[in-house]
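For reference, the structure is listed below as structure tokens.
The values are calculated or read from the model by the stated rules, or taken from the named source; none is laboratory data. None of the values given here were measured: they were computed from a predicted structure. All Cβ positions, glycine included, derive from the backbone under ideal geometry; neighbour counts span all protein chains shown. These accessible areas exclude ligands, DNA and RNA; they are computed on the full protein's heavy atoms, side chains included. Shrake-Rupley method; radii C 1.70, N 1.55, O 1.52, S 1.80 Å.
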Amino acid sequence: MRLDRLCLRDFRNYEQQELTLQDGVNLLIGPNAQGKTNVLEAVFLLTGSRSWRAGRKSEMVRFGAQSAFIEAGLHVRNRDFEIRMTLPLSGRGTTTVNGVKATRQSRLSDVLRCVLFAPEDLSLLRDGAAARRRFLDTALCQLRPRYAELLTEYQKLIDHKTRLLRDEERRAAMMAVLPDFDARIVTVGTALIGYRARFTALLAPICQEIYNDISGGREKLTMRYATVSTIEDPSGPQNELEAAFFRHLESHREAELRLGQCLSGPHKDDLVMEIDGRPCRAFASQGQTRSTALAMKFAERELFFRDCGEYPVLLLDDVLSELDSARQSYVVEHTPGGQAIITCCEDTGRFSPSGRRLRVENGRIF
Ligand code: ATP
Ligand code: MG
């Protein structure tokens with residue numbers, strides 16, 4: 001999987017920029033606020049995922065412009081692809097793959113897959129469960145297009161049900177439709193739970209192995225998927241998951257009505273990481289937290305490789321400067337094998353001389 005060419009027009013601080021990239025390491029070097037992360041953001045959007053940092057699409061349109069435009073040439077599974085994406089200031093954008101309109105964003109992940117590692121990921125363990133759910137969702141939306149569709153439907157169901165729960169005036173009418181909502185939430189929610197359970201089961205041993213490598217084998221990292229408490233085995237058969245989820249919903253119905261919140265379902269899931277049996281969130285040191293985040297990201301990359309036989313494009317956003325030299329070495333040694341786009345403020349010289357070096361200055365790349 002290789003991104004050969006990228007063209008940005010009116011995207012963030014880029015008015016018009018053409019960029020060619022090589023296999024292996026591509027370094028984007030420049031001072032703060034010049035447009036390094038903006039390039040990674042554009043590439044990440046081409047996977048069909050939402051930006052990890054833009055609240056709204058319109059934020060990515062260059063100030064004063066009406067539409068942002070991203071074009072890319074890729075080489076994937078021995079074929080050439082061209083993706084064109086338009087992001088208008090208002091209304092829906094359009095995307096085409098080889099000239100054919102991609103009606104579902106999830107189709108894009110069939111072409112390009114990326115693993116992004118940014119400084120904010122270093123606190124993946126310290127932050128609340130939402131950060132770890134985002135980790136699961138970002139990976140699974142790229143790996144399984146069906147997952148992305150289910151997740152969108154589930155989020156709509158939860159938003160709609162929350163509005164109903166808060167609508168005091170129409171409570172009687174709402175009680176009549178609530179069972180229908182819950183039935184669909186259970187069907188879609190358990191499908192998501194199944195995907196997440198299978199993904200975690202595959203990821204956990206890889207993550208453990210990588211952590212072992214980084215920490216010199218002194219500690220054992222474990223990863224466990226935690227979902228609706230009445231579900232004993234999240235990898236179990238669908239009908240068992242549905243029955244258990246229903247039980248949980250019923251036991252929380254009164255509280256949901258009282259609080260006007262959806263209390264039960266995979267939107268509350270977590271990925272529990274433990275070192276030597278102790279939860280990282282409460283007990284891990286700074287260094288352990290960083291090693292765990294590193295292990296999770298590189299395990300995700302490895303799993304993508306096992307899934308399709310090609311490494312995803314690795315996007316490293318200024319992460320090296322946050323790591324100590326042992327962890328930096330891990331990243332540098334394990335980046336080859338696929339393509340990487342790496343941003344940094346100054347060239348540390350840690351990446352091989354064969355890496356392509358590009359200078360970023362005020363929305364221009366040289
Ligand atoms: P750092 O090293 O600090 O992370 P960076 O090079 O990664 O910096 P970016 O985040 O890529 O910086 O780019 C930030 C620049 O882009 C800022 O100057 C910001 O004002 C500008 N910018 C962001 N959104 C837009 C937009 N919609 N239109 C024009 N400029 C924008
Ligand atoms: Mg940046």
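What to note about this one:
- As a ratio to 2.2 N^0.38 Å, the alpha-carbon radius of gyration for region 253-344 is 1.49.
- For region 8-55, the carbon plus sulfur part of the accessible surface works out to 42%, probe radius 1.4 Å.
- Net lengthening on full extension, Ser123/Arg359 (0.36 nm per residue, minus Cα-Cα): 82.1 nm
- Local electrostatic count at Phe63 - Lys and Arg +1, Asp and Glu -1, tallied over other residues with Cβ under 11 Å: -1
- Relative to the compact-globule estimate of 2.2 N^0.38 Å, the Cα radius of gyration of region 13-129 comes out at 1.12.
- Here each label is just a point 7 Å from Cα along the line to Cβ, and for Leu263 and Asp80 those points are 5.9 nm apart.
- Rounded Å value of the spacing that divides the Cα centres of region 149-193 and region 70-148: 27 Å
- Space enclosed by the convex hull of the alpha-carbon atoms of region 177-327, per residue, Å³: 159 Å³
- Rounded accessible area of Leu108 (nearest 10 Å², 1.4 Å probe): 0 Å²
- Extent along the principal axes, Cα only, for region 315-362: 32, 23, 18 Å, with the longest axis given first.
- Taking the longest Cα principal axis of the chain as reference, the axis of helix 238-259 is set at about 80 degrees.
- Pair Phe283, Leu89: separation of 7 Å Cα→Cβ label points (nm): 5.5 nm
- Accessible area of the chain divided out per residue, in Å², using a probe of 1.4 angstrom: 47 Å²
- √(5λ) per eigenvalue of the Cα gyration tensor, the chain, largest first, Å: 36, 27, 18
- Spin-label pair Lys101/Glu59, simplified geometry with 7 Å Cα→Cβ offset, distance in nm: 2.9 nm
- Along each principal axis, Cα extent of region 196-235, largest first, Å: 37, 15, 9
- Portion, in percent, of the accessible area of region 91-178 that falls on carbon or sulfur, probe 1.4 Å: 50 percent
- The loop-placed chymotrypsin sites (Phe, Trp or Tyr not before Pro) in region 47-150, going by DSSP, that have at most 14 neighbouring Cβ atoms within 10 Å of their Cβ come out as Phe63.
- Cα-based Rg of region 65-199 normalised by 2.2 N^0.38 Å, two decimals: 1.33
- With 0.36 nm allotted per residue and the present C-alpha distance subtracted, the Ser325-Thr348 stretch has 7.1 nm of extension available.
- Measuring between their Cα centroids, region 207-231 and region 315-366 lie 27 Å from each other.
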